[in-house]
Amino acid sequence: MDPVKQPSASEDFLTECLIRGSSIEIEWTFSLAGARPPEIIWSPTRRQLMNPLINRFFELCQEKLRPEGCLHWDDISIADFGALADWIMLLRKGSSADEYTYLHYGRGIAGYYSHDMTGKTTADFGGHISQFFNAVYEASRVRREWVLTEHEPPSRVFVFRWRRLIVPLVSEDHDVCGFIVINIPENALRAGLDIVPDPVFVTESDQTIRYSNIAARRDFDGPASTHVGKALDEVLGIRLDIKHSPYEMHEAGEVVDEIGTLNVGSTVSDQFLLTISGFVHEDRSFYIVIVRMPVPELKRTV
């Protein structure tokens, strides 16, 4: 039975709850949106970080603390974090609680999210995600406390969870004026698909693309393209006739081979073999479509 719908909480209310140390209200907000509740850990220990990149960020920030235990805005330079800069966000507080502007948005994060949020604010995400971000940042500002969060993104983002460590930055008058944050996507499947030499697309049941691996981005429209949010037929040039949902294919262990003439870049290429299967991960189901490069014998052997 579906939970009874309740009015969504205001950001001010969620912030006040987090300031008091209660995360139940945030958990309910995520549940209403059909997402797993987030995790929020105030003043996390090194053992709780559970990621080597976050651990290194933690160490670098600790090294920059002034004697009073604060990290100052003027002491921070993204360049000091080296390769970690791809996973770092720098936010500056505006005149109101919903005005946290991204002055730096790491290209690694932008690649996974499929948008560069530099110059935009936390309010631009919309929905329960904006509520969550704004409430956590405001609570961290008031508490003047480091916080580790983990949350599930909306389904359109092919990341199963984001893990971030949020560090408040203070101005010379000791007010919290912004944050430096490391934000790490956790999706072991995505990393595995990137080493597959054949083009691979991950799609929703309606064949909307949620991820394309390095080979797919290379062979279909070039490395600068983004396929996320497009229909698979828009990229490949054909509509796949798949009889069963990805969940049904996963449950039955079904794998379907289909031959099609595909668009590669600006030209129509030879026939390709497409291998289609379904998989389920953490209650989300997808198609995996693998594109095998053209082989003349395919018509006779498949």
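Evaluating H115 against the criteria (1) buried (at least 17 other Cβ atoms within 10 Å of the Cβ); (2) closer than 30 Å to D12 by Cα leaves one unmet condition, (1).
Residues in region 130-147 that are in contact with a Pro (Cβ under 7 Å, 6 or more places away or on another chain) and buried (at least 21 other Cβ atoms within 10 Å of the Cβ): F132, S140, R141.
In region 68-81, what count of residues is obtained for those that are among the aliphatic types (A, V, I, L, M), surrounded by 15 or more Cβ atoms within 10 Å (Cβ to Cβ) and in a helix (DSSP H, G or I)?
Final tally of qualifying residues: 1.
Among the conditions (1) among the aliphatic types (A, V, I, L, M); (2) under 26 Å from R284 (Cβ atoms); (3) outside any helix (DSSP H, G or I), L53 misses just one, which is (3).
When S155 is tested against the conditions (1) part of a loop (DSSP other than H, G, I, E, B); (2) under 26 Å from I214 (Cβ atoms); (3) modelled with pLDDT of 95 or more; (4) not hydrophobic (A, V, I, L, M, F, W, C), the lone failure is (3).
Any residue at all in region 212-224 that is in a helix (DSSP H, G or I) and under 21 Å from G278 (Cβ atoms)? Yes, there is a match, as at least one residue in region 212-224 is in a helix (DSSP H, G or I) and under 21 Å from G278 (Cβ atoms). Within the set L90, L103, L84, the sole residue that is surrounded by fewer than 20 Cβ atoms within 10 Å (Cβ to Cβ), assigned to a strand (DSSP E or B), assigned by TED's automatic domain parsing to the domain that holds R161 and of a type in the set (A, V, I, L, M, F, W, C) turns out to be L103.
E59 satisfies every condition listed in (1) loosely packed, with under 13 Cβ neighbours inside 10 Å; (2) over 25 Å from the mean Cα position of the chain (by Cα) except (2).
For (1) touching a strand residue (DSSP E or B) at 6+ places or on another chain (Cβ under 9 Å); (2) of a type outside the set (S, T, Y); (3) over 20 Å from E186 (Cα atoms), each residue gets a yes or a no:
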site: S23; (1), (2), (3): yes, no, yes
site: P37; (1), (2), (3): yes, yes, no
site: L49; (1), (2), (3): yes, yes, no
site: I54; (1), (2), (3): yes, yes, no
site: L71; (1), (2), (3): yes, yes, yes
site: A123; (1), (2), (3): yes, yes, yes
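How about region 161-179: which of its residues are in a loop (DSSP other than H, G, I, E, B) and touching a helix residue (DSSP H, G or I) at 6+ places or on another chain (Cβ under 8 Å)? Correct list: S171, E172.
Against the list (1) in the same structural domain as I259 (by TED's automatic domain parsing); (2) touching a residue at least 60 places away in the same chain (Cβ under 8 Å); (3) of a type outside the set (S, T, Y), the condition D221 fails is (2).
Looking at region 45-53, can you tell me whether even one residue there is modelled with pLDDT of 95 or more, surrounded by 15 or more Cβ atoms within 10 Å (Cβ to Cβ) and either more than 20 Å from C177 (Cα to Cα) or hydrophobic (A, V, I, L, M, F, W, C) (or both)? Checking region 45-53: not a single residue is modelled with pLDDT of 95 or more, surrounded by 15 or more Cβ atoms within 10 Å (Cβ to Cβ) and either more than 20 Å from C177 (Cα to Cα) or hydrophobic (A, V, I, L, M, F, W, C) (or both). Do you know which residues across region 9-43 are β-branched (V, I, T) and under 22 Å from W146 (Cα atoms)? Answer for region 9-43, where residues must be β-branched (V, I, T) and under 22 Å from W146 (Cα atoms): T15, I19, I24, I26, I40, I41.
So how many residues does region 205-215 have that are in contact (Cβ under 8 Å) with a residue 60 or more places away in the chain and out of contact with any Pro (no Cβ under 8 Å at 6 or more places or on another chain)?
Within region 205-215, residues that are in contact (Cβ under 8 Å) with a residue 60 or more places away in the chain and out of contact with any Pro (no Cβ under 8 Å at 6 or more places or on another chain) number 2.
As a summary of the residue check, E172 satisfies the conditions (1) loosely packed, with under 14 Cβ neighbours inside 10 Å; (2) in the same structural domain as I259 (by TED's automatic domain parsing) except for the one numbered (2).
Take G111 and decide whether it is over 23 Å from V170 (Cβ atoms), in contact with a helix residue (DSSP H, G or I) (Cβ under 9 Å, 6 or more places away or on another chain) and not hydroxyl-bearing (S, T, Y). Break it down into steps so the answer makes sense when it comes.
Details: over 23 Å from V170 (Cβ atoms): yes; in contact with a helix residue (DSSP H, G or I) (Cβ under 9 Å, 6 or more places away or on another chain): yes; not hydroxyl-bearing (S, T, Y): yes.
Yes: the conditions hold for G111.
Restricting attention to region 98-118, the residues that are in contact (Cβ under 8 Å) with a residue 12 or more places away in the chain, among the small types (G, A, S) and closer than 24 Å to C61 by Cβ total 2. Reported count of residues in region 171-210, each being of a type outside the set (K, R) and within 30 Å of H250 (Cα to Cα), is 25.
The values are calculated or read from the model by the stated rules, or taken from the named source; none is laboratory data. Given the structure is predicted, the values throughout are model-derived calculations rather than measurements. Don't worry about glycine lacking a Cβ; one is built from the backbone with ideal geometry, like all the others, and counts go over all protein chains shown.
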